Amino acid sequence: MAITITETNNAPRTIDADGNISELLPSTVTVSDGSNTVVQNIVYTDENVDWNLTKKLAINSYDNQYGQIRTANLNTTSNAGKSVRDDVYMAGSIARRDYSIDTVEGSALVDELEAGWEDFIPDYRRNNKNLVSEFTPMRPPYINNSISYYDMQVPTDELKTHFSLPYNVYLPFHGLKFDKTTSDVVIKAMIPQSEMNAQHPDLCKAIENIIPTIGSHFFGIIYNSSGEMSPLVDVYFTASYEIVSQQWCNNTVIDLAVPYTDETLHPKLSYWGAVYNSDFDRITHLKAYITHYLDDE
Amino acid sequence: MTLISSGALALKDGGTNPSTSTIHDTGFSAFSLAADTSFSLHQAYRLFFDGEVNAWEYSVDTLVDGTAYVYKRSSTSAYHDSNHQNNIYSTSGFNADIGTALELTGTATGQGAQTYVSGIGLNASSSSTLGSLSSSAQTFSSTDGNSRTISDFGICQNTNSNTGYNQSQDKGNIIWFGLVGQVSNTNAAAFYNLTLYDSSGNGISSLLRQNATYEYDGNVSIWTWHNISDSNMNFVNQSNITRVLLTSASAVTFNNGISEEMSGGTDANPIEFSDYYKDGTYHNTVGIPTSGQLAFSDFYGKARTGSGGTLIHGGTQAHTYSSSQYFTSSTHGVSSNFTFQGYTSRVSSLAQFNGTSITLTFQAQSGSPIYTNSGWTTVKVWRGQSNNSGSPDVTLYRTNMTFSVSNNGTSTATATWTQSGTFSFATYFGTSNTTNYVEIE
């Protein structure tokens, strides 16, 4: 299913004494999949028409009503309470698998955390739907085999202090990465766009300039125990596969392979995750999160 | 909602509220435009570098020439001679606010290093007023309830063979329209579409504000359209344009009942007119007397400001509901700009996550604010509405929220209020992707 994005600029029309008006050419961005169409009026930045922002808002509006945001909402709602496995695809293959801790695989990894990092957090089994995985690093800043643990709550005050986190607003989940070689732990703080814009406005603007859609996105910032922020920032967004593969991956802005090509996975696509390297002002890695609800499989 | 600006107004409820996309219609024969043959637009450029005096020598290029047909309200209108000068080795006065989109960069003659210098010079009649506009058509209410006064209107078909180096002649066909004061460049504050008509009823439409170049010169806000085809310009009798119609993007519903608007429909019989003084029982709306003589006409074009608070901002914001295995969120897109604690600001976040926390963030849009934990009392949300008709679905109180600031004293300052608790998504702020109306007092 091809998605077309069309920019239309306005020109003044004539209207005669009988009220007949010449053809209307409004200034809009239209997103269509052939059956469903969304029209977004142009928006301004600093009092100038911003076609780039208008296009991203149009894509977000399409995905809200007909596309990936709607699909992801339906998938989550209809599978509430089930065990989860997230397959994280990158460059055509699964880079890692995140399991909810109530699975056999997830519980085994929690055993490792409880043995190796006892008391780093009060209770690794606090929420059955927390996610855990073991991964071999495929990208910086990760170096050694690590265990990734996602806790579905905002960071505790203890963690905020331990990692010197500077934020006022957090999303209700965060990640901890446990290095199996050095035993070091880093945190990935998840923050909404408003907080990213408040604390790192230039970084936020640079990233939003690159990603294909705006409105559903949020950010992951990695800090080590010295309070140092990684220059590699994760941005997560929801967009239809066609938008990312046809309109984004294959252009000069981001020269990366689409993470997966199996169309049967589309209904399970939750998020895209892009890694932005602030040292080079470019996206260096692109991930796709495919969510499997395991009670059905 | 805003009360109608004219016509039959009832004390309680005038029946079905009228909807219209018309913001202001001057009617035919409202305008009489004056012909100004002195009109032209210019831009200076570097001609060559004079090595003897070690300075650039300047020349001036004509971008637009022709007879302009003009309404100019007063000496502070945007249409005035810029008194620009070419002093050979320097230029001055190229600071007109009409036609700035025609400003060129790059080479002026295609020969070596000659480049255009920024700024437009405007030649115009020295008269302090030009043309006329009937008194009843000079002012109107914008959809955000503010009073607007027309300061400028003009049209000129470019008779110069080009609009600067390598620019087509018809690029310089321009139309401009101005309002007194600093009017935000938005549909709500100004207008969406302008249509002009000559006395025969022929017109040019789809002059969308979003396609015009906007300037504020300290006195008036001016919009200029350019690049209008010769065929469109020739379609109307430019010297005899008599009517201007301003419309909104979509139909706006106006209230035709004073009590319905000012009490939010909460007042019950007997409805007493004396209850509707400002600072009385129901409202605190600027422009309504606080005592003495009170007339129905005082309420024309007014939108209610709630009691105990001044309306800071009211407008629609796009709402998104998103649910995943990680978190569930209800978020709003950014608002239009408003003034908060003396600074142009906007709502950059109104969201709730997982049903346990609400976040409200104001973000600086100009200046370097130092935000404090004050300045607003309530945030009200009407789910799925484009106006504040009826009671709000949600009211947030600043006193219930925790305050924090970031980057205070800088251009990226933000003020955030958060509240923890239990918040159902159905209430805060809906489970569908729609538009909500948000009001801050």
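Worth a mention:
- Estimated [θ] at 222 nm from DSSP helical runs (n ≥ 4, -39500 (n - 2.57)) normalised by residues in the protein assembly as shown, nearest 500: -3000 deg cm²/dmol
- In order along the stretch B:190-207, the Karplus-derived 3J(HN,Hα) couplings, from 6.51 cos²θ - 1.76 cosθ + 1.60 at θ = phi - 60°, round to 10, 6, 9, 9, 10, 10, 10, 10, 8, 5, 8, x, 7, x, 10, 10, 6, 8 Hz, and Gly and Pro are given as x.
- Degrees separating the helix A:104-116 axis from the principal Cα axis of chain A, which is the longest one: 60 degrees
- D_trans [Stokes-Einstein, Kirkwood Rh over alpha-carbon pairs] for the protein assembly as shown, 20 °C, 1.002 mPa s, µm² s⁻¹: 74 µm²/s
- Averaging the Cα positions of each part gives two centres, and for the stretch A:163-215 and the stretch B:188-250 these lie 46 Å apart.
- Fraction of alpha-carbon pairs over 25 Å apart in chain A - percent: 53 percent
- Within the shell defined by Cβ-Cβ distances under 14 Å, the residues around B:Thr115 carry a net charge of -2, with Lys and Arg each +1 and Asp and Glu each -1.
- Sites A:Ser93 and B:Ser424 - FRET efficiency at Förster radius 35 Å, r taken between beta-carbons, to 0.05: 0.25
- At 0.890 mPa s and 25 °C, Stokes diffusion of the stretch A:190-297 via Kirkwood alpha-carbon radius, µm² per second: 166 µm²/s
- Sites B:Ser389 and A:Ile21, calculated FRET efficiency, Cβ-Cβ separation with R0 25 Å, nearest 0.05: 0.20
- Order of A:Glu105, A:Glu228, A:Glu263, B:Glu215 - criterion: other Cβ atoms within 10 Å of each residue's Cβ, fewest first: A:Glu263, A:Glu228, A:Glu105, B:Glu215
- Selected from B:Ser274, B:Gly178, A:Val43, residue furthest toward positive end of dipole (the protein assembly as shown; charges at beta carbon): B:Ser274
- Ranking of B:Thr378, B:Thr359, B:Thr37 by neighbouring Cβ atoms within 10 Å, starting from the fewest: B:Thr37, B:Thr378, B:Thr359.
- The Cα-based radius of gyration of the stretch B:285-406, divided by its Kirkwood radius, gives an Rg/Rh of 1.02.
- Tilt relative to chain A, helix A:68-78 - C-alpha long axis, 0 to 90 degrees, to 10: 50 degrees
- Here is the tail figure for chain B: Cα pairs spaced more than 30 Å apart come to 55 percent of all pairs.
- Near B:Val394: Cβ cut-off under 11 Å, other residues only, Lys/Arg at +1 and Asp/Glu at -1. The net charge is 0.
- If you take all other residues with their beta carbon under 14 Å from the beta carbon of A:Cys204, and give Lys and Arg +1 and Asp and Glu -1, the sum is -3.
Each value in this text was obtained by applying a stated rule to the coordinates, not by laboratory testing. Note that this is a predicted model, so its numbers are computed, not measured. Cβ coordinates were reconstructed from backbone atoms using ideal geometry, including for glycine residues, and neighbour counts include every protein chain displayed.
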